[in-house]
1. Using a Gaussian network for the chain with springs between C-alpha atoms less than 10 Å apart, which of these wobbles most: ILE129, ILE100, ILE235?
2. Show me the ranking of peptides 270-280, 163-173 by mean Cβ neighbours inside 10 Å, starting with the highest.
3. How large, in percent, is the carbon and sulfur part of the accessible surface of the chain at a probe radius of 1.4 Å?
4. Could you give the size of the charge dipole of the stretch 82-139 about its Cα centre, using +1 on the Cβ of each K and R and -1 on the Cβ of each D and E, expressed in debye and rounded to the nearest 20?
5. Of the candidates ASP183, ASP215, ASP359, which one comes out as most mobile in a Gaussian network treatment of the chain with C-alpha springs shorter than 10 Å?
6. What is the gain in length, in nm to one decimal, between GLU362 and ILE36 on full extension, counting 0.36 nm per residue of separation less the C-alpha to C-alpha distance?
7. How far, in nm, would the chain grow between GLU90 and GLU387 when pulled straight, counting 0.36 nm per residue and subtracting the alpha carbon separation?
8. If you place +1 on the Cβ of every Lys and Arg and -1 on the Cβ of every Asp and Glu, how big does the dipole about the Cα centre of the stretch 204-243 come out, in debye to the nearest 20?
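The values are calculated or read from the model by the stated rules, or taken from the named source; none is laboratory data. Computed from a predicted model, the values in this text were never measured in an experiment. Cβ sites come from the backbone with ideal geometry, for glycine too, and all protein chains shown count toward neighbours. These accessible areas exclude ligands, DNA and RNA; they are computed on the full protein's heavy atoms, side chains included. Shrake-Rupley method; radii C 1.70, N 1.55, O 1.52, S 1.80 Å.
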Amino acid sequence: MRKILFLLILMLFQNVFALDELKDVGIAKYAVLEVIQDNTPLREKADENAKRVTHLFKGSVLFADKENKNYFRVELKNNKYFWVNKKYVEVQAIIPEKRIDNVQKISFKEEKNKYKINIDTDFKSTYIIKEGNNNLDFTLYDNYFDPVSTKVIKQNDKFELPQMFTNDLNLKYTNNKPLFGYDVESYDKGYILTVKKSPKINYNKPLKNIKVTLDAGHGGDEKGACAFGLEEKTINLQIVKKLRKEFKKQGAKVYLTRKKDKKTDLYERISFAKEKDSDILLSIHQNSLPNPKYVDKKHGVGTYYYHPQAYPLAQKIQENLLEATKFKDDKVNYASFAITRATLPVSVLIECGYIIKQDEAEKISDKKFQKIIAKAITKGCAQYLKERF
Ligand SMILES: [Zn+2]
């Protein structure tokens, strides 16, 4: 008993986590962790490069059963484990059993261009979203769903709830059209899941009334890549302004995350796109390499996506840019950037060329060539909408 007391006191005063020792003496099974920062990643392995499984909001609660250097192992259900970096959480308590709550209420609301589902549970446990082509799977762990006691309001037929009592809430969305953006927000009573409806496309003018947020990468003292007296942030903004013109010509509504040379936070750029209720977010960049000596091998135009819903858009943009620029194909790439990780709107990042390669630098900084780039990107977006929806 003395040893246990000693360990607990040690933990409280030195913020030392001693779960393994407490487990050895048989009193503890889980450490209750509270997330202290929004956008905290939960990862597949105890490694900062490991795949992100989900993101957690400030105030979310996790149960850790193990630690490994800088990480806690989080148990979502039996034999389903993920990892969170210790810097994003605070140990609240050591407990023998997990806390499991009930989902109190699920209310569905249909708006003009989206579905909104409020999931009320005063205990903010972990959720994971799985994306399919035409469907979405939302699972909330450590929360019971009970068809008898959970209040369900105006259930929409695009969504399916479990028929029986379940330990985790699983909400499925299915549609006959592909996904076009979704999001989860945290609010005082729980979570709000938003699923955008597929757009109604005017086939002669597919970009008509589509809301596009254009993001010129970097800005202010963040210059981005620099070479041959050129700064990436400036070229990005020049191309974005030409893009705005092209998109407007096609009837799109266009918003810019920055209109001048200004430092802008990455997550603010995404929030801005959401505030504008955008359908598409395009982030414009110019590439470089950690070691410039390989630039003769690796260069050209490349497009980046993270979520499957954004892949077809990235593909169409890449195809059109290759055709228009005649640059080398630096491929459509899967990449975990803050911008590409956004699920609302559909988000893609474009590296128009390599600023560290002289002939490409000359072209991407040339006003006429920038117009060619802008036209190709716009055409790619139009094709994506026309062919997919
Ligand atoms: Zn950049």
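1. Comparing ILE129, ILE100, ILE235 in a Gaussian network model of the chain, the most mobile one is ILE100.
2. Numbers: 270-280: 19.9, 163-173: 15.9.
Output ranking for 270-280, 163-173: 270-280, 163-173.
3. The nonpolar share, carbon plus sulfur, comes to 48 percent.
4. Roughly 160 debye, rounded to the nearest 20.
5. Per the Cα network of the chain with a 10 Å cutoff, ASP359 tops the list.
6. Working: separation 326, 0.36 × 326 = 117.36 nm, distance 4.59 nm.
The GLU362-ILE36 span can extend by a further 112.8 nm.
7. Values: separation 297, 0.36 × 297 = 106.92 nm, distance 4.78 nm.
Residue separation times 0.36 nm, minus the Cα-Cα distance, leaves 102.1 nm.
8. Numbers: 7 positive and 5 negative charges, 95 e Å.
With Lys and Arg at +1 and Asp and Glu at -1, about 460 debye.
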